[in-house]
1. Test of the criteria: in the range 147-222, which trypsin sites (Lys or Arg not before Pro) are in a DSSP loop and have at most 15 other Cβ atoms within 10 angstrom of their Cβ?
2. How big is the antiparallel share of DSSP beta bridges in the range 7-125, given as a percent to the nearest 5?
3. To the nearest Å, what is the center-to-center distance of the range 185-199 and the range 138-183, using C-alpha atoms only?
4. For the range 189-233, report the % of Cα-Cα distances exceeding 12 Å.
5. Can you list the equivalent-ellipsoid semi-axes of the chain, largest first and in whole Å, using the square root of 5 times each Cα gyration tensor eigenvalue?
6. Using a/c under 1.5 as the rounded threshold, could you call the range 44-118 rounded, prolate or oblate? The axes a ≥ b ≥ c are square roots of the C-alpha gyration tensor eigenvalues, and prolate needs a/b larger than b/c, oblate otherwise.
7. Sort 119-132, 57-70, 97-110, 18-31 for me by packing, meaning the mean count of neighbouring Cβ atoms within 10 Å per residue, highest on top.
8. Kindly provide the Kirkwood hydrodynamic radius of the range 147-218 in Å, to one decimal, from all pairs of distinct alpha carbon atoms.
Amino acid sequence: MAVAFDKMSNHLLAALPDSEWQRWQQHMSVMDLKLGQVLYESGGTMQHVYFPVDAIVSLLYVLENGSSAEIAVVGNEGMVGVSLFMGGETTPSRAVVQSAGKCVRLSACKLKKEFDNSMPVMHLLLRYTQALITQMTQTAVCNRHHSLDQQLCRWLVLSMDRLTSSHLVMTQELIANMLGVRREGVTEAAGRLQKAGLISYSRGKIEVLDRPGLEARTCECYAVVKKEYDRLLPDRIAS
């Protein structure tokens, strides 16, 4: 039975020609993602790929001592699990739900079959992967050269791009893990943004009050990533 789902809710799926979508939806299922849920662990074999609708998934690199840092975020612009069609069954990163919501799931074998047999699908997924790599590399540059305040602003604006509301439910510990910093640093940075009237932050709940103000405080990294996503991912691809 075809999944009862509007493909326009995920930008990557929305770019599929109707003929491709008709094949895909027979094999897809809608599922709820909970805050902190792990979709796959570092080194684990992937059984599915995920297309977020109103959830956000964080891709984290985890060190041997257990500490971690975010390398990318995935929301309704894309998918989680690009390693499957890039030649590997596993990845060294961990995928953790950063903001709860719904997603659409597709089996790994179905995705690989579509990638191998459909030129439009292959081109679309490769363009998405290039955009994702840009986000990863720009995140590494940002974490090395820009202030924690700028990193937090970039992270918040990226999250807002992937949500339909201005609210985030996020603990200090989870934010610290994402950015690879101490919890105290997150508290101080969030406090400065709240004092400036840009956000409201209380007990793990963040509300963005001034989106333009946040963008003005971000470094160039946000604009670089957004421009690349806009360039590489059209609204629709030809059949």
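1. Of the trypsin sites (Lys or Arg not before Pro), the ones in loops of the range 147-222 whose Cβ has at most 15 other Cβ atoms within 10 Å are Arg182, Arg203.
2. Antiparallel bridges: around 100 percent, rounded to the nearest 5.
3. 12 Å
4. So the portion of pairs separated by more than 12 Å is 66 percent.
5. Listed largest to smallest, the semi-axes of the chain are 31, 18, 17 Å.
6. Working: a/c = 2.44, a/b = 1.29, b/c = 1.89.
Note, shape of the range 44-118 comes out oblate.
7. Ranking the peptides 119-132, 57-70, 97-110, 18-31 by packing returns 97-110, 119-132, 57-70, 18-31.
8. This gives a value of 11.9 Å.
No lab work stands behind these numbers, since they all come straight from the coordinates. These numbers come from a predicted model, not from an experiment. Ideal geometry is used to build each Cβ from the backbone, glycine not excepted, and the neighbour counts take in all protein chains shown.
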